[in-house]
1. By how many degrees, 0 to 90 and rounded to 10, does the Cα axis of helix 197-209 deviate from the longest principal axis of the chain?
2. Work from the charge dipole of the chain (Cβ charges, +1 for Lys and Arg, -1 for Asp and Glu, about the Cα centre) and give the residue of 266, 198, 323 farthest towards its positive end.
3. Quick one, can you get me the convex hull of the C-alpha atoms of the stretch 32-124 expressed as volume per residue in Å³?
4. Report for the chain the percent antiparallel among DSSP-assigned beta bridges with both residues inside it, nearest 5.
5. If you average the alpha carbon positions of the stretch 191-222 and of the stretch 294-366, how far apart do those two centres end up, in angstrom?
6. Could you check which residue among 49, 163, 178 shows the biggest mean-square fluctuation in a GNM of the chain with a 10 Å Cα cutoff?
7. Given a Förster distance of 30 angstrom, what is the FRET efficiency for residue 19 paired with residue 96, based on the Cβ-Cβ distance and rounded to 0.05?
8. Obtain the nm distance between the two label points defined at residue 233 and residue 56 by a simple spin-label model: each point lies 7 Å from its Cα along the Cα-to-C-beta direction.
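Any read-out appearing in this document is the output of simple, stated calculations on the displayed coordinates, not a laboratory observation. These numbers were taken from a predicted model, which means no experiment stands behind them. In this analysis, Cβ positions are derived from the backbone assuming ideal geometry, glycine residues included, and neighbour counts consider all displayed protein chains.
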Amino acid sequence: MPSTYSPAVVFDPASGLGTREVALRPAGPGEVEIEVRAAGVCHSDLHIVSGDWPTDRPLVLGHEAAGVVTGTGPGVTSVRPGDHVVLSWFAPCRRCRKCVAGQGWLCTGTRAVANTLPDGTTPFTGADGAEIWPYLGLGAFTERLVVPETAAVKVPEELPFSVGALLGCSITTGVGAVVNTAGVRPGESAVVVGTGGVGLSVVMGLALVGADPIVAVDLSPERLAVARRFGATHTLDGSRDDVAAWCREHLGGADYAFEAIGSPKVVQTLPAMLTSGGAAVLVGMAAIGATAAFDLFDLADQGKRILGCNYGSSVGELDIPRLARLHLAGRLPLDDLIGTVRPLSEAAQAFDDLRSRTGVRTILEP
Ligand SMILES: NC(=O)c1ccc[n+]([C@@H]2O[C@H](COP(=O)([O-])OP(=O)(O)OC[C@H]3O[C@@H](n4cnc5c(N)ncnc54)[C@H](O)[C@@H]3O)[C@@H](O)[C@H]2O)c1
Ligand SMILES: [Zn+2]
Ligand SMILES: [Zn+2]
């Protein structure tokens, strides 16, 4: 029986968002116990709180985090106690056809999206003995957690935990959308609609590969100012400017249009921003069941493409250490994405930061 309890930020469909004491069971075979040092607050956590992605069970939220290994279960070989790790929320099964083909971001065997560990269990129990489930197989808004070995990616010790946390989701997704999903080449043009944590990471990825021009679109002037610092060459106000008309007039249509909001209304406007043969990249995640309508003749006639992007089409074990090294070498200013740093007890305010677009990415520290 677990003996100690720690506070965790829990979304319960019956009672909403709150803090609960949870107990953690020890790491079992193939599992790793981690002490969380920093966790980012991503819109994918907010999608749960807002009901876009309904859950029938209480969840420990948080899926963008970094920490230190404190224990390993039988059979774990890739990390050991004391290692610094980034948590990867789409823990691949390593057995399905996609995993075998090296496409872990398309894994069909993962249980992460069912909000359980690979064996279908949860490591968390509430004070009343009831099970509380790990969001995306992690549940990082707490002090300690247990994850599958495939979710714990070792990173250099000199990497700050806050940067590591953001490598767990927004950065790997955003930069990966550019280099993996789209394969943008130097000199190609791109529009990024929505410059929160994920969209700004797309802008950073575009600057890294030498895209030009890079057009950032948001509703927040502060976010657009940050986008400029990250390499956007032009910025547009999404509430006022006709982005598609601007792209046609100034670029003859963009080679790529990234959406990093999850808004069907915005997604529908992407193909009109593109030149022939261009690609719309759907990085934002819409509410479950949301649909969009497209001009089908234009898509077919102009050879335009629509690309889905899960986790930046990344393989965590390869891409996370790679991006960490680029940051440490001064090639990616990932620390500029860090906004307010708050204690875990201020999780509610951290969600308010996200809703009100205050700062860039808020980090919670247990
Ligand atoms: N594909 C993936 O694997 C993956 C991974 C992480 C997050 N996501 C999704 O990416 C999306 C963005 O996440 P985030 O954490 O960056 O969110 P965020 O809330 O930090 O950023 C969203 C941004 O969009 C802007 N915006 C909203 N409506 C707009 C409009 N009409 N025009 C222009 N800008 C607008 C907001 O001002 C905000 O800056 C979410 O849907 C999230 O679930 C997807
Ligand atoms: Zn996320
Ligand atoms: Zn798999």
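1. Roughly 60 degrees, rounded to the nearest 10.
2. Most positive-ward Cα: 323.
3. On the way: hull volume 11.3 nm³, N = 93.
In the stretch 32-124, the Cα convex hull volume per residue is 122 Å³.
4. Numbers: 36 of 63 bridges.
Restricted to the chain, the bridges split so that about 55 percent are antiparallel.
5. The two parts, judged by their Cα centres, are 11 Å apart.
6. 49
7. Working: r = 36 Å, r/R0 = 1.21.
Working from the Cβ atoms, E equals 0.25.
8. Output for this residue pair reads 5.2 nm.
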